[in-house]
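Written below as structure tokens is the structure these notes are about.
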Amino acid sequence: MNRREFLMWVGIGGLASSLPVAIAACSPQTEKSETSAMPKRTDGFQAIGTVTELKQKGQMLKKDFAGGPVLVISNPGNTKTITAVNPTCTHKGCTVDWKAAKNAFVCPCHKAEFSPAGKVLKGPAKKPLPTYNAKIEGDAVLVKASSR
Ligand code: FES
């Protein structure tokens, strides 16, 4: 094989190996979630799901939310409003779960408990869960990206 033949083979190989990447880059994205298709808001709130979903599941967890992970529940005192917390336990970082029967967020790792507003009810955690501004508009569950 002379130099010219070698360069031609390398060129064809390079083209063949980069072709799938080029095709993927030009293809339309097909894995959009329902909420990513929603129009971007100017007030900082982001739709993370629907009230219908929240009622069905009892809680709504979104790990890839812009401000960090978010767990939304219906406010136990007024189910027409919602509460949103960062579910990362302030003890060692496990993800808390909403337990309606206890009216508390409960950490599965060391059993710390937090009120619906994120305050520590039971240790070993000492710091409250950060909360987010959250509201309902129509059927949309909206959360503001910066935590309080
Ligand atoms: S990580 Fe939550 S109580 Fe320890």
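Since every read-out is calculated from the coordinates, none of them should be taken as a lab result. Quick caveat: nothing in here was measured; it's all calculated off a predicted structure. Neighbour counts are summed over all protein chains in view; Cβ atoms, including those assigned to glycine, are modelled from backbone coordinates with ideal geometry.
General observations
- The sole residue among 70, 96, 85 that is out of contact with any helix residue (DSSP H, G or I) (no Cβ under 8 Å at 6 or more places or on another chain), under 18 Å from residue 140 (Cβ atoms) and surrounded by 13 or more Cβ atoms within 10 Å (Cβ to Cβ) is 70.
- Selection count, the range 42-59, where residues are under 15 Å from the mean Cα position of the chain (by Cα), touching a residue at least 60 places away in the same chain (Cβ under 8 Å) and farther than 16 Å from residue 145 by Cβ: 3
- The single condition among (1) more than 14 Å from the ligand (Cβ to nearest atom); (2) crowded, with 18+ Cβ neighbours inside 10 Å that residue 78 does not satisfy is (2).
- Any chance residue 69 is within 16 Å of the ligand (Cβ to nearest atom) and out of contact with any Asp or Glu (no Cβ under 8 Å at 6 or more places or on another chain): yes
- Only listed residue being within 16 Å of the ligand (Cβ to nearest atom), hydrophobic (A, V, I, L, M, F, W, C) and closer than 18 Å to residue 44 by Cα, chosen from 85, 143: 85
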